[in-house]
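Comments concern the structure below.
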Amino acid sequence: MKKTLLATLLLGTLTTPAFAADTIKIALTGPFSGGSAPMGTSMRDGARLAINEINASGGISVGTKKKKIEIIERDDEGKNERGALIAQELASMGDLSGVIGTVNTGVVLAGDKHLQEKGITKIITPAAGSASMTQWSKAGTKDVSIFRFAAHDGIQSSMVIEEAINQKFTKIAILHDATNYGASGHDDLIDQIKKQGNKLEIVATEKFNIGDKDMTAQLLSAKAHGAQAILIWGIGPEMAAVSNGMAKLGMKIPLIGGWTLSMSNYIDNAGKNGNGTLMPQTFIEDAITPKVKSFIDGYHKTYNVTRIPSPVSAAQGYDAVYIFAAAVKQAQSEDTHKIKDALEDLREPVKGVITTWKHPFSKWDPANEQTHEAFRRSDAVMGKIQDGHVIFANQSDRQRLINNAAR
Amino acid sequence: MNLDILAQMVVSGALMGLIYALIAYGFQLTYATSKSINFGQGELVMLSAFFSLTLLNLGAPYWLMVPGGLLFGAVMGLIVERACVRLSLEQKSEGWILLTIIFGLLGFSSAENIWGRDDRPFPSPISADALNFFGISITGLEIAVALGVFLIMSIIELFKRKTLLGKAFEAVSADRDAAELMGISATKTIMLSYGLSGMVAAMAGILISPITTVGPTMASALILKAFSVAVVAGLDSGFGVVIIGIFLGALESLTSFYLGSGWREAPGLILLIMALAVRPNGVFGKANIRKV
């Protein structure tokens, strides 16, 4: 009797891993609550949409079997310390195929080292702060299992400065929040002004804290020094306070900033004062092709909304899953290290809603973090806020994307 | 220096300062009667704002939402008094400090679970468009805040001076033991003060929400400033909080403009330290003389 019991127990422990290997485990992490929640939940919901589609078609063919994707969700609340704990937990799981997500650059910096240590493949999306990838190139790390799938701040700040120069401005003010993200955005902007020929004079640099609602002093400083445009780096609620303050003071100058200006909590809290605000986007909720239309309709229907809270995050989450799935298929394995190797040399183009991804990543080069960055300047467009929606700022961009898709 | 900008800065800062003053006034009301303070006052502001927003979302008209919100605030104030303050006062202990902080944390977590952690816009029938007075821009919402602050403070001060119940309030504030000997129930008066304090918190929530948006952390920054204002003005100074509030608000704006926005929080703290060092009873406070 005792022996049979022991044997059953032993058998039980031996067979469990075999069951687990029937699925491909992917962790989705991000802030599903708090000020960055619109980005976190949209990313998660976009990724889920892709996973549901893949699972509905039977899963990914690995060897002779088709394997379904199993989702593990973790809410980091946008807090660095929670992010670090979650990364440690994920790193110790053992049978995890990969991680997709993270919105806040601070969370990336706090958590990714644990994943990197174990060589777990992670696709960062939509966190955009430059430091997320440059931390590895600066340290000269030989082999990196972290990839990024977002238009990083380098691209975004270059577009913002380009826009300001194209509009023939010469004097600008920079406003940024006091977080890692705001400070690094400020540095990127100054970098880009130098790179693009020092055509802009910074007449005022002002900071604000998370939770600040009265921006009068900062804005008056910009106004008093004759700023012709305000370049801003922050998150939704505070940037809405800036827009409302500008309306109050009768400042009719353009507000141009990072992609976070498309967050629903900016658009809703700024209301009509947000009209005309410009920011780089990788995806615009405009059904320009049948593929984009089916994605937008699918999102609206599945989550019962009429507007995606953060379309950029949703589209990036969706495409990131398809790229990950393509890597699993190429690797013919759910082993995270093999998936990493496949991601670095993805042979088949992946059809996404943002674009068709041809060889998005390449072998990590410690001297060049661009090897693990998927987005290039041509993958981003300028977006503009109009009556509560983000639209294409330039019709030429819209046409270009339609032509690209037709090709 | 451009005079327009200076004036704009002072006015905008002063209007922000009035909000600090209103919250500080809530501290004063309970301190007067019971020498205790609700450290969860900021959470009362936030909970009342959420409750009022819920009323609006349920389709209640604006004129009904305001008294509804105030009533909710008053009830919350009474709950704080019963649950956190009464017993420790009876035992002459300082337990209310910890208990009111705990109550605040509880309120914060409840709000996160009931209403979520997002900042939400709060609709208001008052236009957010700017009006221009001699080159100074003020929005309708800001004027409403100023009027609301003076209105509720005047009503409560009048009530304290003109009605029998108000006189009892003043009597307990002046000398609790003597008042009890005259047949005034100190317990009931303290209840009244907590109810009024909760109502003031609700008023603050309703007034500032259209400007600050509603979220669990909406009052956490404000409450520290309000506390500074209450201490600097003196915890029994009445309208003194208004003067200090306006002063602090304007000073913050000016500091932020001239010294840089990173220094914005500094004047409040320096003021607090100076007041505690030079006038521990507050600028407008009365020195305590206790006969023995």
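Here is how the numbers come out for the structure above:
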read-out	value
Extreme residue, positive dipole direction of chain B, given options B:PRO280, B:LEU259, B:LEU53 (C-beta unit charges)	B:PRO280
Cα-only Debye scattering, the range B:45-86: base-10 log of I(q)/I(0) at q = 0.15, 0.16, 0.17, 0.18 Å⁻¹	-0.38, -0.42, -0.46, -0.50
Charge sum, other residues only, whose C-beta stays under 12 Å from A:LEU343's C-beta, Lys/Arg counted +1 and Asp/Glu -1	+4
Mean Cβ neighbour count within 10 Å, used as a protection proxy, ranking A:315-325, B:139-149, A:208-218, B:117-127 highest first	A:315-325, A:208-218, B:139-149, B:117-127
Taking the range A:168-245 and dividing mean pair separation by its residue count, relative contact order in percent (alpha carbons under 8 Å, at least six apart)	45 percent
Formal net charge of residues neighbouring B:GLY195 (Cβ-Cβ distance under 12 Å; K, R +1; D, E -1)	+1
Ratio Rg/Rh [Cα only; Rh per Kirkwood] for chain A	1.01
Semi-axis lengths, Å, the range A:141-215, gyration tensor of Cα atoms, sqrt of 5 times eigenvalues	24, 20, 10
Relative intensity, log₁₀ I(q)/I(0), of the range A:222-272 from a Debye sum that treats every alpha carbon as a point, q = 0.19 Å⁻¹	-0.58
At 1.306 mPa s and 10 °C, Stokes diffusion of the range B:22-220 via Kirkwood alpha-carbon radius, µm² per second	90 µm²/s
Net charge of Cβ neighbours under 12 Å - reference A:LEU231; Lys, Arg +1; Asp, Glu -1	-3
5 Å binning of all Cα-Cα separations within the range B:193-234, expressed as whole percents from 0 upward	6, 19, 24, 29, 17, 5
Contact order normalised by residue count of the range B:22-220, Cα under 8 Å, 6+ apart, percent	43 percent
Directionally averaged shadow of the range B:143-292, computed from the convex hull of its alpha-carbon atoms, nm²	11.1 nm²
Calculated [θ] (222 nm, deg cm²/dmol) that DSSP helices of n ≥ 4 give over the protein assembly as shown, each run adding -39,500 (n - 2.57)	-18500 deg cm²/dmol
Among the listed pairs A:LYS171/A:LYS252; A:LYS113/A:LYS329; A:LYS25/A:LYS65; A:LYS329/A:LYS351; A:LYS113/A:LYS207, those beyond 18 Å (Cα-Cα)	A:LYS113/A:LYS329; A:LYS113/A:LYS207
Projected-area mean, the range A:268-407, by convex hull of Cα positions, square nanometres	10.2 nm²
Antiparallel DSSP beta bridges within chain A, percent to nearest 5	30 percent
Translational D in µm²/s for the protein assembly as shown (Stokes-Einstein at 25 °C, 0.890 mPa s, Kirkwood Rh from C-alpha pairs)	88 µm²/s
DSSP-defined antiparallel bridges as percent of all bridges, the protein assembly as shown, nearest 5	35 percent
Test item: B:114-124 mean partner chain Cβ contacts at 10 Å	4
From phi via Karplus (6.51, -1.76, 1.60), per-residue ³J(HN,Hα) for the range A:128-143 in Hz, x at Gly/Pro	10, x, 4, 4, 3, 9, 5, 4, 7, 6, 5, 7, x, 4, 6, 9
14 Å tail of the calculated P(r), the range A:337-379, as % of Cα pairs	51 percent
Relative contact order computed over chain A (Cα-Cα under 8 Å; 6+ residues apart), in percent	18 percent
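No value in this document is a laboratory result; all are computed from the given coordinates. Not measured: the values here are computed from a predicted model. Don't worry about glycine lacking a Cβ; one is built from the backbone with ideal geometry, like all the others, and counts go over all protein chains shown.
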